[in-house]
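*Asks:* This is the structure I want to talk about, given as structure tokens.
The values are calculated or read from the model by the stated rules, or taken from the named source; none is laboratory data. Please read these numbers as outputs of a predicted model, since none were measured by experiment. For neighbour counting, all protein chains shown are included, and Cβ atoms are generated from backbone atoms with ideal geometry for every residue, glycine included. Protein only, heavy atoms only, side chains kept; ligands, DNA and RNA dropped before computing areas. Shrake-Rupley method; radii C 1.70, N 1.55, O 1.52, S 1.80 Å.
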Amino acid sequence: MNNLEEETRYIMKKYGINANKNLGQNFLINNEVVDNIIQSSEISKEDLIIEIGPGLGTLTKGLLEKAGKVIAIELDERMIKILKERFFMYDNFELINKDVLKVDLAELIRNVKLDENIKKAKIVANLPYYITTPIIMKLLEKELDIESITVMIQKEVADRLIAIPGESCSGAITYSVYYYAESEKIMIVSNNSFIPEPEVQSEVIKLKIRKKPLVNLEDKELFFKIIKVSFMQRRKTLINALVNGGILKDKIVAKDIFNKLGFDINVRGENLSIQDFVVLTKEIILQK
Ligand code: SAM
């Protein structure tokens, strides 16, 4: 047993904690992974770190040492007691006992940046896997004033999130992530790095938020709606998906647009680049 595993087991025993599967509780016990997450987050004393799901505080400890301020958001009340007791001596620590999806992160960041000597905000987390996608999408779509997101997630989801649009494992979410951020693989993490062991392999990824939009969008909502509809019926051709999904009136209109853009009429959503979806959206706007 390594030190972190011993410490984790000790804390769990002391507070009578059984991991709650429904809350995605898999506690990290691998020091190398903890160090790697903290290092690749590139934290300075001018940073606000928002940690999602601190659990027993395994990552929190390192974050508190390096950051100007750490705000940890944890849903499980049992963890709040532990975190308070473990970290009461740090005056740069704040805890929020809430579902992260219900926290107004934009306001939180704005307030911290107003009040304190904080220049940048970053997100760091070993995420609860049952809500990985909604959390990542909330962080990106709200266009928060953040520099980066360094998170551990399921490897399978990581592959899809950080694929290049058009690669075989692309999904609708690939295009969103690519639009908002530049992504980087940090490390693959084996199942035995956690208590209890998750059923899936994990991966740490870093998303660096783009300072300028990758492409200019006339109608961002429609753009992402078209992508979503294109991937809802993956087995269908893009033309069928767009017509069935109510984006285009009928196949005749669809074929006209595809011919004009020089797209193969049998093409599927996953074959299009982000730029292809931009021109497609423009053409669809003209038809409306
Ligand atoms: N950071 C700890 C670690 O690395 O050992 C725990 C990570 S564990 C995978 C995920 C944590 O997220 C748990 O502590 C869980 O209680 C918390 N959590 C689950 N759902 C949440 C939610 N909706 N909002 C905030 N925290 C949540």
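*Asks:* So, of the residues in the stretch 40-71 that are touching a strand residue (DSSP E or B) at 6+ places or on another chain (Cβ under 9 Å) and assigned to a helix (DSSP H, G or I), which turns out to be nearest to Lys208 (Cα to Cα)?
*Replies:* Going through the qualifying residues, I end up with Ser40.
*Asks:* Could you look through the stretch 29-75, keep only residues that are open to solvent by less than 20 Å² (accessible area, probe 1.4 Å) and on the phi > 0 side of the Ramachandran plot, and pick out the one that is farthest from the ligand (Cβ to nearest atom)?
*Replies:* Gly57
*Asks:* When the stretch 222-256 is examined, which residues are found to be crowded, with 20+ Cβ neighbours inside 10 Å and over 27 Å from Met137 (Cα atoms)?
*Replies:* Correct list: Ala254 only.
*Asks:* Further, regarding this structure: Keeping to the stretch 257-269, report how many residues are open to solvent by 50 Å² or more (accessible area, probe 1.4 Å) and touching a residue at least 24 places away in the same chain (Cβ under 8 Å).
*Replies:* 3
*Asks:* Considering only residues that are surrounded by fewer than 16 Cβ atoms within 10 Å (Cβ to Cβ) and either touching a residue at least 24 places away in the same chain (Cβ under 8 Å) or more than 22 Å from Arg268 (Cα to Cα) (or both), which ones fall in the stretch 212-221?
*Replies:* Lys212, Pro213, Leu214, Val215, Asn216, Glu218, Asp219, listed by residue number.
*Asks:* Before we move on, is Ala121 in a strand (DSSP E or B), among the aliphatic types (A, V, I, L, M) and away from the ligand (no atom under 16 Å from the Cβ)?
*Replies:* The answer is yes for Ala121.
*Asks:* For the stretch 177-206, what are the residues that are in contact with a Ser or Thr (Cβ under 9 Å, 6 or more places away or on another chain), under 30 Å from Ile11 (Cβ atoms) and open to solvent by less than 50 Å² (accessible area, probe 1.4 Å)?
*Replies:* Result: Ile186, Met187, Val189, Asn191, Ser193, Phe194, Ile195, Ser202, Val204, Ile205, Lys206.
*Asks:* Same structure again: What's the number of the condition Ala158 fails, among (1) over 19 Å from Ile50 (Cα atoms); (2) open to solvent by less than 10 Å² (accessible area, probe 1.4 Å); (3) more than 12 Å from the chain's Cα centre (by Cα); (4) within 16 Å of the ligand (Cβ to nearest atom)?
*Replies:* (3)
*Asks:* In the stretch 72-89, is there at least one residue being under 18 Å from the mean Cα position of the chain (by Cα), assigned to a strand (DSSP E or B) and more than 22 Å from Val200 (Cα to Cα)?
*Replies:* Yes.
*Asks:* Say we look at the stretch 1-28 and pick out the residues that are outside any helix (DSSP H, G or I) and more than 8 Å from the ligand (Cβ to nearest atom); which of these is least open to solvent (accessible area, probe 1.4 Å)?
*Replies:* The selected residue is Ile17.
*Asks:* Given the criterion within 24 Å of Lys21 (Cα to Cα), among the polar types (S, T, N, Q) and either surrounded by 14 or more Cβ atoms within 10 Å (Cβ to Cβ) or in the same structural domain as Leu48 (by TED's automatic domain parsing) (or both), identify the matching residue among Asn97, Asn111.
*Replies:* Asn97
Residue by residue, here is whether (1) assigned by TED's automatic domain parsing to the domain that holds Leu28; (2) more than 17 Å from the chain's Cα centre (by Cα); (3) among the polar types (S, T, N, Q); (4) at pLDDT below 95 holds:
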| residue | (1), (2), (3), (4) |
| --- | --- |
| Tyr175 | yes, no, no, yes |
| Glu182 | yes, no, no, no |
| Ile188 | yes, no, no, no |
| Val215 | no, yes, no, yes |
| Arg235 | no, yes, no, yes |
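So that you can scan it fast, the table gives a plain yes or no per residue for (1) more than 30 Å from Met187 (Cβ to Cβ); (2) in contact (Cβ under 8 Å) with a residue 24 or more places away in the chain:
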{"position": "Ile205", "(1), (2)": "no, yes"}
{"position": "Arg210", "(1), (2)": "no, yes"}
{"position": "Lys228", "(1), (2)": "yes, yes"}
{"position": "Lys255", "(1), (2)": "yes, no"}
{"position": "Asn271", "(1), (2)": "yes, yes"}
{"position": "Asp276", "(1), (2)": "yes, no"}
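*Asks:* Out of the residues in the stretch 97-118 that are more than 8 Å from the ligand (Cβ to nearest atom), among the aliphatic types (A, V, I, L, M) and farther than 23 Å from Lys61 by Cα, state the one that is farthest from the chain's Cα centre (by Cα).
*Replies:* Per the criteria, the residue is Leu114.
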